[in-house]
1. From the list Asp56, Asp47, exactly one residue is among the charged types (D, E, K, R), assigned to a loop (DSSP other than H, G, I, E, B) and open to solvent by less than 40 Å² (accessible area, probe 1.4 Å). Which is it?
2. What are the residues in region 242-255 that are among the hydrophobic types (A, V, I, L, M, F, W, C) and either within 14 Å of the chain's Cα centre (by Cα) or surrounded by fewer than 24 Cβ atoms within 10 Å (Cβ to Cβ) (or both), if any?
3. Tell me which residues, restricted to region 127-178, are of a type in the set (Lys, Arg) and modelled with pLDDT under 95.
4. Which residue is surrounded by the most Cβ atoms within 10 Å (Cβ to Cβ), if the candidates are limited to region 186-225 and must be more than 17 Å from the chain's Cα centre (by Cα) and part of a loop (DSSP other than H, G, I, E, B)?
5. Exactly one condition in (1) polar (S, T, N, Q); (2) closer than 19 Å to Val159 by Cα; (3) more than 19 Å from the chain's Cα centre (by Cα) is false for Thr130; which is it?
6. Do the conditions hold for Arg164, that is, is it in contact with a helix residue (DSSP H, G or I) (Cβ under 9 Å, 6 or more places away or on another chain), open to solvent by 10 Å² or more (accessible area, probe 1.4 Å) and under 14 Å from Ala216 (Cβ atoms)?
7. What are the residue pairs meeting all of these: first residue in region 191-210, first residue basic (Lys, Arg), second residue part of a strand (DSSP E or B) and modelled with pLDDT of 95 or more, Cβ atoms under 7 Å, and 6 or more apart or on different chains?
8. Please pick out the residue among Pro76, Pro63 that is out of contact with any Asp or Glu (no Cβ under 8 Å at 6 or more places or on another chain) and either outside any helix (DSSP H, G or I) or surrounded by fewer than 12 Cβ atoms within 10 Å (Cβ to Cβ) (or both).
Amino acid sequence: MADLDDPIVATNFGVGRPQEPITGTVKGASQLDFGMQHRLSRIFGADGRTVMLAFDHGYFQGPTSGLERIDLNVVPLAEHVDALMATRGIIRSLVPANTNKALVVRASGGPSVLKELSDERIAMNIEDATRIDAAAVAVQVFVGGEGETQSIHNLTRLVDGGYRAGIPVLGVTAVGREIARDARYLGLATRMIAELGAQLVKTYYCEEDFAKVTSACPVPVIVAGGKKISSFDALSMARRAVDEGADGVDMGRNIFQRESPAAMVQAVYAVVHGGVSAEEGLEMYRSLSNGAQD
C-alpha cells in the first residue's frame with residue numbers, strides 16, 4: 001500500500017499542452033486493437049521496416065538444403081533479424097524460449113511437394129498461436145491457383161480468429177509456375193489479401209512497376225527472398241524493394257544457403273534498416289565472410 005504520510009503534491013499536469021494522439025510507424029495499423037499494434041511493433045522496427053528470417057520450408061518439402069539442422073545452422077542467425085518465420089513444431093522443439101525475436105507462425109498446410117500445393121487447410125488454431133506468444137500467423141493464399149477459394153477461406157477464418165485474440169495475420173501470395181509474377185498479378189493478390197482483412201502481406205518483387213503494388217496495398221508489404229540467387233542480386237532486390245515502398249524482406253534460402261549465412265543476414269539487415277546500397281552490402285558480406293563469392 002502506498003505511504004499516505006506526507007504525500008508529494010502533484011503539480012506537473014501539462015496545462016495548456018493537449019495530449020497528442022499516439023501514431024505508430026506500421027502502415028495501416030493505427031486503428032487496430034492495442035494487442036495487434038503491440039505485436040506488430042515486435043515485427044517492425046522504429047523505422048517501420050522488418051527483416052524476417054524464413055525457415056518454414058520443411059512444412060511441405062522436408063529437410064531443405066541448409067535446414068537439415070536448424071539448431072546448428074539457423075538458430076544462431078536469430079540475433080541479427082527482427083522476426084523468425086517458422087512452424088509451431090520447429091519453434092517448440094528448436095527455438096530457444098528465451099528469444100526476444102518476434103515469432104511469425106505458419107498456420108496453413110496440408111499437401112507436400114508430391115501433391116497439389118494449393119489444396120491447403122488451416123493447420124493450427126488461434127488459441128495455440130497465443131500459447132506460443134506469436135506476433136503473427138501466416139497463411140498461404142493461392143490467387144489464381146486451383147485451391148484459390150479454399151485458401152481465401154483459410155485466410156478469412158484466421159483473420160476472424162486473429163481479431164478475437166489480437167494476433168495479426170500475414171497473407172502470403174503463393175504464385176504457381178504458370179502465373180507471371182508481374183505487377184498486375186501481384187497487385188491483384190496483395191490487394192485481395194489486404195481487403196479480406198490481413199494486417200500484413202508477403203509477396204514477390206517484380207522489376208517493373210513494383211511501386212504500384214506497394215502503393216495500392218493499404219497494409220505493409222514484405223518481399224519474399226525466393227530461390228537462391230547471387231548475393232549481389234539478393235541485396236539489390238532488397239534495396240530496390242524498400243526504395244519502391246516495401247516495408248521489409250522475409251528471406252530464407254538467400255540467407256541460410258550462403259557460404260556464410262551470418263555474414264549475409266547482417267548485410268541484408270544493413271540494407272533494409274541501415275540504408276546502405278547493394279554495393280556496400282556486398283562489400284560487408286564479403287568482409288564478414290572472409291571473401292565469400294556466392
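The values are calculated or read from the model by the stated rules, or taken from the named source; none is laboratory data. Owing to the predicted nature of the structure, the values given are computational and were not obtained by experimental measurement. Counting neighbours? That spans all protein chains shown, and the Cβs are built from the backbone with ideal geometry, glycine included. Heavy atoms of the whole protein, side chains included, go into the accessibility calculation; ligands, DNA and RNA do not. Shrake-Rupley method; radii C 1.70, N 1.55, O 1.52, S 1.80 Å.
1. Asp56
2. Val242, Ala246, Val249, Met251
3. Arg177
4. Cys206
5. (3)
6. Considered against the rule, which asks whether it is in contact with a helix residue (DSSP H, G or I) (Cβ under 9 Å, 6 or more places away or on another chain), open to solvent by 10 Å² or more (accessible area, probe 1.4 Å) and under 14 Å from Ala216 (Cβ atoms), Arg164 comes out as no.
7. Lys202/Leu170; Lys202/Val172; Lys202/Thr173; Lys202/Ile222; Lys202/Ala224; Lys202/Asp250
8. Pro63 is the lone residue from the list that is out of contact with any Asp or Glu (no Cβ under 8 Å at 6 or more places or on another chain) and either outside any helix (DSSP H, G or I) or surrounded by fewer than 12 Cβ atoms within 10 Å (Cβ to Cβ) (or both).
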